[in-house]
């Protein structure tokens, strides 16, 4: 049977409509529950405890105890209980510091930077990512404090009018760190708390008991969602995002300057600020994957954190991972091209064939090769692969900082001043304990704080429904 | 002579979705009604356009905070290291501006962000744990899935008029407050 031109035209129009449907990006929040049901379901963990939560909380609690023991040993017996020596005066502890603060950076990147770029998909994961930032920065701050040896004198780092008349020397990058980390924590906390206000109000209004209603009511500060409140909220939220974005870049720049302003081969390099910032975001996105994939499964959030979210996160992993690989290449190339024999030794021979060569090769292999898997859409949709890649990258980014710090210090200019380095049980316990403390806070957060940005998800759904209609 | 209408009563209309609220506010205003306030579980920026509300001026608090932070931060660095206790380390310059950039920048961000947040709380009167609207039955849902509007009514005839208008706009519920 031959189709008439009119029928052909209709068929074409149908095909076009189907093609449009197929090509349209999938919805970011395809969840079928209505706003009331979705809010109630997401807030359920606040009122009812799941037995599976307790063992996880318990393990994290035990590791936190280990953290406390290691802190106790460090404070009472001094830094001698760490593996640090001269010349390896910065070692495991500063590696932990840089690693933790780097992990925090992805949270700000996702919540602030993506907000400014109108990346609406951030709404499903920004709360978790921001909580990750806060807890990671809390851990990060612990290590330089402990490394002071006498942490109770931490206030000596601040310019306060002492009777001695002495002030901190602000030519030292360590005082810059104090300003950077404390500002970063404060701004992240304000940004997180402001975003929480409307969701704490939802928690207040759905709370099953008077006590809980009062607690969440006080925490919500009396948020009612009036037009006047939203009008100002929106502006301040954007402004805070605008401040947090350069802040996050400045913080890791300053951390990298701790190294770059010294003379040590392997540290003294102008590539450090961008190299550190991108490495930080890379490790943080890996940690977001490690957190979000199990949370999505445990709370049945497949309609809110969709394969598209994981796909976008893995693309960010691929992008930042490729930039990290490029930085490695540049660093090694400049080490060779400088013609400086110490640079050449520190960046090429010392790392690739020195005592920590296995750490170096592990880190290079993982950080360079694993992100490249995510060119494949199949890998981007494989949650197990993403989770394992996240874990591996978190571990190898720790190794990267270890190589930069310890491999460079233990093999500085003169072979006569070379010294081996080995961590002690206190070093290892501090790292393991801080990971436990991080997860303790994370589990508490998932249990007692609205873990998704509910108001933003509602707004996004309204937007998507209007787009579809 | 124009006289500002003193609202004797407020009539509250409850809507099921954000778009319905925006449309209702638009039509009520066209009908000459005065909107007292709206409440919504998420940010609806179209409401501000319809109600012709200006952009918030709170960024000024951030600007002032940032300037104060930058100036005071730089002053502390200069005064402590170059004036009060000048320390000669290998003849390095006492006024070391490049080395002061990081802390000055952090002070700008810190004071700007805290002023914004404190400014927000002050302007919104937060914390404010109780407000009259809380006593209206069912207001809990305005933070979950309901969209509320309060319309001013000058007398009982006007009240009936507003109620009729809200009902006509398919308000889920109409309440006197």
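The values are calculated or read from the model by the stated rules, or taken from the named source; none is laboratory data. Just so it is clear, the model here is predicted, and its values are computed rather than measured. Positions of Cβ are generated from backbone atoms using ideal geometry, with glycine treated the same way; all protein chains shown enter the neighbour counts.
Here are the numbers for this structure:
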read-out	value
Candidates B:62, B:69, filtered to the one that is buried (at least 19 other Cβ atoms within 10 Å of the Cβ) and more than 7 Å from chain A (Cβ to nearest Cβ)	B:69
Residue in segment B:92-106 that is farthest from the other protein chains (Cβ to nearest Cβ), counting only those that are over 17 Å from residue A:242 (Cα atoms) and surrounded by 17 or more Cβ atoms within 10 Å (Cβ to Cβ)	B:104
Of residues in segment A:149-160 being touching a helix residue (DSSP H, G or I) at 6+ places or on another chain (Cβ under 9 Å) and within 24 Å of residue B:104 (Cα to Cα), the one nearest to the other protein chains (Cβ to nearest Cβ)	A:159
Pick from segment B:123-139, criterion surrounded by fewer than 16 Cβ atoms within 10 Å (Cβ to Cβ) and part of a helix (DSSP H, G or I), ranking: nearest to the other protein chains (Cβ to nearest Cβ)	B:134
The lone exception for residue A:184 - which of (1) within 27 Å of residue A:263 (Cα to Cα); (2) within 9 Å of another protein chain (Cβ to nearest Cβ) it fails	(1)
Residues (away from every other protein chain (no Cβ under 11 Å) and either exposed (fewer than 15 other Cβ atoms within 10 Å of the Cβ) or more than 28 Å from the chain's Cα centre (by Cα) (or both)) located in segment A:34-45	A:44
Residue B:120 vs. criteria closer than 15 Å to residue A:223 by Cβ, in contact with a helix residue (DSSP H, G or I) (Cβ under 8 Å, 6 or more places away or on another chain) and outside any strand (DSSP E or B)	yes
Members of segment B:28-49 that are closer than 15 Å to residue A:234 by Cα and either more than 10 Å from chain A (Cβ to nearest Cβ) or assigned to a helix (DSSP H, G or I) (or both)	B:45, B:46, B:47, B:48, B:49
Residues satisfying the stated conditions in segment A:388-403, i.e. touching a residue at least 12 places away in the same chain (Cβ under 8 Å) and out of contact with any helix residue (DSSP H, G or I) (no Cβ under 7 Å at 6 or more places or on another chain)	A:395
Residue A:115 vs. criteria farther than 16 Å from residue A:70 by Cβ and in contact (Cβ under 8 Å) with a residue 40 or more places away in the chain	yes
Qualifying residue in segment B:79-91 (condition: crowded, with 18+ Cβ neighbours inside 10 Å and in contact (Cβ under 8 Å) with a residue 24 or more places away in the chain)	no
Residues within segment A:194-214 that are part of a helix (DSSP H, G or I) and either closer than 24 Å to residue B:114 by Cα or touching a residue at least 12 places away in the same chain (Cβ under 8 Å) (or both), tallied	13
Criterion (facing another protein chain (nearest Cβ under 7 Å) and either surrounded by 19 or more Cβ atoms within 10 Å (Cβ to Cβ) or in contact (Cβ under 8 Å) with a residue 24 or more places away in the chain (or both)) met by exactly one of B:177, B:165, B:152, B:142	B:142
Meets criteria (over 30 Å from residue A:198 (Cβ atoms) and at pLDDT below 95) for residue A:91	yes
Test: residue B:52 is exposed (fewer than 14 other Cβ atoms within 10 Å of the Cβ), assigned to a loop (DSSP other than H, G, I, E, B) and at the interface with another protein chain (Cβ under 9 Å from one of its Cβ atoms)	no
Residue A:223 surrounded by fewer than 23 Cβ atoms within 10 Å (Cβ to Cβ), within 30 Å of the chain's Cα centre (by Cα) and at pLDDT 90 or above	no
Segment A:428-469: number of residues that are away from chain B (no Cβ under 14 Å) and assigned to a helix (DSSP H, G or I)	21
Set B:149, B:109: member being at pLDDT 85 or above, in a helix (DSSP H, G or I) and under 25 Å from the mean Cα position of the chain (by Cα)	B:109
Residue match in segment A:128-143 (condition: within 12 Å of chain B (Cβ to nearest Cβ) and either at pLDDT below 95 or over 25 Å from residue A:432 (Cα atoms) (or both))	no
Residue count, segment A:404-424 (criterion: surrounded by 15 or more Cβ atoms within 10 Å (Cβ to Cβ) and either touching a helix residue (DSSP H, G or I) at 6+ places or on another chain (Cβ under 6 Å) or in a helix (DSSP H, G or I) (or both))	11
Matching entry among A:257, A:317 (being in a helix (DSSP H, G or I), under 19 Å from the mean Cα position of the chain (by Cα) and closer than 30 Å to residue A:91 by Cβ)	A:317
Residue within segment A:55-68 that is away from every other protein chain (no Cβ under 14 Å) and not in a helix (DSSP H, G or I) present	no
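Quick grid of which residues meet (1) buried (at least 24 other Cβ atoms within 10 Å of the Cβ); (2) out of contact with any helix residue (DSSP H, G or I) (no Cβ under 7 Å at 6 or more places or on another chain); (3) assigned to a helix (DSSP H, G or I):
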{"residue": "A:132", "(1), (2), (3)": "yes, no, yes"}
{"residue": "A:145", "(1), (2), (3)": "no, no, yes"}
{"residue": "A:168", "(1), (2), (3)": "no, no, no"}
{"residue": "A:178", "(1), (2), (3)": "no, no, yes"}
{"residue": "A:187", "(1), (2), (3)": "yes, no, yes"}
{"residue": "A:192", "(1), (2), (3)": "no, no, yes"}
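Results for (1) within 22 Å of residue A:404 (Cβ to Cβ); (2) touching a strand residue (DSSP E or B) at 6+ places or on another chain (Cβ under 8 Å); (3) at pLDDT 90 or above; (4) in a helix (DSSP H, G or I), shown as yes or no for each residue.
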| site | (1), (2), (3), (4) |
| --- | --- |
| A:249 | yes, no, yes, yes |
| A:266 | yes, no, no, no |
| A:289 | no, no, yes, yes |
| A:302 | no, no, no, no |
